[in-house]
Amino acid sequence: MRSHWPLALIIAAAAGHAAPRGETPEGWYRQGENAARQAMLEQPVASRARNVILFLGDGMGVTTVTSARILAGQRQGGNGEEHLLEFERFPYSALIKTYTTNQQVPDSAGTMSAIMTGIKTLDGVLSVDQDIVRGDCASARGHERPTLLEQFERAGRATGIISSARITHATPAATYAHLPDRDWETDSDLPAAAAAAGCRDIARQLVEFGHGDGIEVIFGGGRSAFLPAESSDPEYPAKKGARRDGRDLIQVWRRRYPDGTFLWNGAKFAALDLDRHGRVMGLFEPSHMQFEADRERDTGSEPSLAQMTATAIRILSRDRDGFFLMVEGGRIDHALHGNNAHHALTDTAAFSDAVAAAVGLTRMEDTLIIVTADHSHVLTMAGYPTRGNPILGLVVENDAAGRPMTTASMADDGKPYTTLGFANGPAARVPRRDLRGIDTGDPGFTQDAMVALESETHGGEDVAAYARGPWAHLVRGVREQHYLYHVMRLAAQLDER
């Protein structure tokens with residue numbers, strides 16, 4: 001992973017990104033004043049939300065948002081700090097407390113269950129309340145909590161779920177499944193006692209979804225959970241399905257919805273007839289979909305998160321009563337678990353593109369859009385890098401006169417260090433690497449971590465929520481995570497609990 005650029009040239013490039021010419025004290029003053037005056041003109045939208053779109057950046061903590069903003073801005077030729085991601089342009093925002101009923105630092109199952117059901121619950125469970133035992137099927141019976149997606153379906157409104165992770169993974173699963181353990185994605189994951197007690201795996205619950213007339217749009221990864229062990233994957237013939245019950249749940253779905261369309265690659269996705277009425281299920285990988293930085297090399301030419309979002313909105317908009325759509329940027333989390341900032345930030349930028357697609361296809365007057373995260377990660381942005389320093393690069397500080405230095409800053413061990421790092425994870429090394437001559441911007445580069453762990457952990461600090469549209473002004477202050485459910489339900493005027 002040697003650099004294509006000598007260190008001196010990297011530092012020179014950083015030095016060239018000093019404060020833009022034309023910036024003045026008076027200019028900063030006017031910018032702040034104009035922003036404040038614009039905020040004074042902002043008028044809440046108090047009409048009924050015909051549509052609700054929930055964007056969930058899995059693991060997208062504030063440091064990830066800040067770093068992705070800078071990277072996106074730098075890729076457009078700017079310094080980066082002044083850039084804004086699409087959802088950062090929304091008029092309302094809040095801080096969201098993410099703890100679950102039994103953990104300070106949560107997982108995706110308990111947090112997404114809170115957002116979807118309106119109550120906090122245990123770590124690792126899906127849309128059941130806290131009065132159960134994780135992994136105990138019998139204890140969960142009668143403790144299922146209705147999800148917002150189910151309530152939209154029962155109200156006769158259309159629904160859709162999108163994820164760049166497996167569609168049976170914790171975040172999307174919490175919209176439609178009820179289980180005491182998030183790991184029961186397919187029947188081969190179910191313990192014998194759970195199966196005997198009547199628990200159904202997540203993939204089966206999706207196909208057998210019994211609310212309203214069924215979910216209209218399903219896009220994501222995770223084909224193997226729907227295919228029997230004897231079946232070959234359509235994209236990778238050497239890979240087999242994961243089901244041991246012999247059932248082909250894709251065929252079950254097709255029989256249940258004869259007017260539906262199943263697809264698994266980009267060609268079939270691009271050929272969709274959006275004027276044809278019928279449900280759509282697209283499962284584009286056996287497991288998770290590709291990271292955005294790797295997507296162009298995918299043999300199945302899988303669609304981007306923005307493309308899936310735009311297509312879903314066009315399909316769901318056919319329902320005159322409105323719709324609920326959940327869109328997860330699931331692989332932000334996976335990259336962070338691996339101490340890989342490059343993939344996390346490029347997936348966050350792709351997530352922002354999906355938000356932009358939704359903004360362009362909906363109206364502020366009738367569509368509530370909320371963008372948030374389920375939890376944070378232990379990514380840090382530190383040192384004292386100069387303005388415009390490459391966010392994936394080595395720290396280059398200013399000298400005493402405020403000018404970028406010509407050499408990278410050195411830690412006490414005599415080695416340079418990166419702006420981004422992790423409190424823990426698999427990239428911990430003792431002694432630390434000497435990063436001179438290494439391309440820290442390479443997609444495969446992993447930032448240093450302090451505490452060695454097989455997988456980097458989530459963080460426990462608050463995450464942000466951003467909102468626009470009807471009743472978006474309720475998203476303000478410091479709020480508990482399950483509050484977001486109540487904002488969405490009240491904005492959509494759903495009477496049912």
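The values are calculated or read from the model by the stated rules, or taken from the named source; none is laboratory data. The structure displayed is predicted, hence computed values, not measured ones. Methodologically, a virtual Cβ is constructed for each residue, glycine included, from the backbone with ideal geometry; neighbour enumeration extends over all protein chains shown.
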Could you pull out the residue among Leu316, Leu336, Leu368 that is surrounded by fewer than 24 Cβ atoms within 10 Å (Cβ to Cβ) and of a type in the set (A, V, I, L, M, F, W, C)? Leu316
Could you please let me know if Ala408 is over 29 Å from the mean Cα position of the chain (by Cα) and either under 22 Å from Thr346 (Cβ atoms) or loosely packed, with under 12 Cβ neighbours inside 10 Å (or both)? no
Within region 419-440, restricting to residues that are among the polar types (S, T, N, Q) and touching a Leu at 6+ places or on another chain (Cβ under 7 Å), the one that is nearest to Asn389 (Cα to Cα) is Thr440
Note on region 126-137: residues touching a His at 6+ places or on another chain (Cβ under 9 Å) and either surrounded by 18 or more Cβ atoms within 10 Å (Cβ to Cβ) or without any contact (Cβ under 8 Å) to a residue 12 or more places away in the chain (or both) are Leu126, Ser127, Val128, Asp129, Ile132
Is it fair to say Leu435 is in contact with a Phe, Trp or Tyr (Cβ under 8 Å, 6 or more places away or on another chain) and in a loop (DSSP other than H, G, I, E, B)? yes
Taking region 339-365 only, how many residues are surrounded by fewer than 24 Cβ atoms within 10 Å (Cβ to Cβ), more than 25 Å from Arg479 (Cβ to Cβ) and of a type in the set (Asp, Glu)? 1
Across region 7-30, what is the total count of residues that are over 19 Å from Gly388 (Cα atoms) and either among the acidic types (Asp, Glu) or modelled with pLDDT under 95 (or both)? 1
Of all residues in region 414-434 being buried (at least 20 other Cβ atoms within 10 Å of the Cβ) and hydrophobic (A, V, I, L, M, F, W, C), the one that is nearest to Ile96 (Cα to Cα): Phe422
Which members of region 106-163 meet the condition of being of a type in the set (Gly, Ala, Ser) and part of a loop (DSSP other than H, G, I, E, B)? Gly118, Gly124, Ser127, Gly135, Gly142, Ala155, Gly156
Across region 285-295, the tally of residues that are out of contact with any Lys or Arg (no Cβ under 6 Å at 6 or more places or on another chain), assigned to a loop (DSSP other than H, G, I, E, B) and under 21 Å from Ala358 (Cα atoms) stands at 1
Can you tell me which residue is nearest to the chain's Cα centre (by Cα) among those in region 459-496 that are farther than 28 Å from Gln104 by Cα and in a loop (DSSP other than H, G, I, E, B)? Gly469
Wholly enclosed helices (runs of 4 or more DSSP H) of region 296-394 bearing at least 1 residues at pLDDT 95 or above, closer than 23 Å to Arg223 by Cα and of a type in the set (S, T, N, Q): 305-316
Report yes if Thr159 is among the β-branched types (Val, Ile, Thr) and either farther than 16 Å from Arg489 by Cα or touching a His at 6+ places or on another chain (Cβ under 8 Å) (or both), otherwise no. no
Which of (1) under 28 Å from the mean Cα position of the chain (by Cα); (2) among the hydroxyl-bearing types (Ser, Thr, Tyr); (3) exposed (fewer than 11 other Cβ atoms within 10 Å of the Cβ) does Ser93 not meet, given it meets every other one? (3)
Considering only residues that are under 22 Å from the mean Cα position of the chain (by Cα) and free of Cβ contacts under 8 Å to residues at least 40 places away in the same chain, look in region 35-74 and name the one that is surrounded by the fewest Cβ atoms within 10 Å (Cβ to Cβ). Gly73
Looking at region 145-173, I want the residues that are under 20 Å from Ala354 (Cα atoms) and have a partner that is among the basic types (Lys, Arg) and in a helix (DSSP H, G or I) with Cβ atoms under 6 Å, at least 6 apart or on another chain. Which pairs are those? Ser164/Arg331
Hits in region 254-273 - residues which are outside any helix (DSSP H, G or I) and exposed (fewer than 12 other Cβ atoms within 10 Å of the Cβ): Pro258, Asp259, Ala271, Asp273
Can you pull out every residue in region 178-236 that is in contact (Cβ under 8 Å) with a residue 60 or more places away in the chain, part of a loop (DSSP other than H, G, I, E, B) and small (Gly, Ala, Ser)? Ala197, Gly198, Gly212, Gly214, Gly222
Any chance Ala173 is crowded, with 24+ Cβ neighbours inside 10 Å and in contact with a strand residue (DSSP E or B) (Cβ under 6 Å, 6 or more places away or on another chain): yes
Enumeration of residues in region 197-253 that are more than 18 Å from Val280 (Cβ to Cβ), crowded, with 16+ Cβ neighbours inside 10 Å and either of a type in the set (Lys, Arg) or modelled with pLDDT under 95 (or both): Arg200, Arg204, Lys239, Lys240, Arg243, Arg247
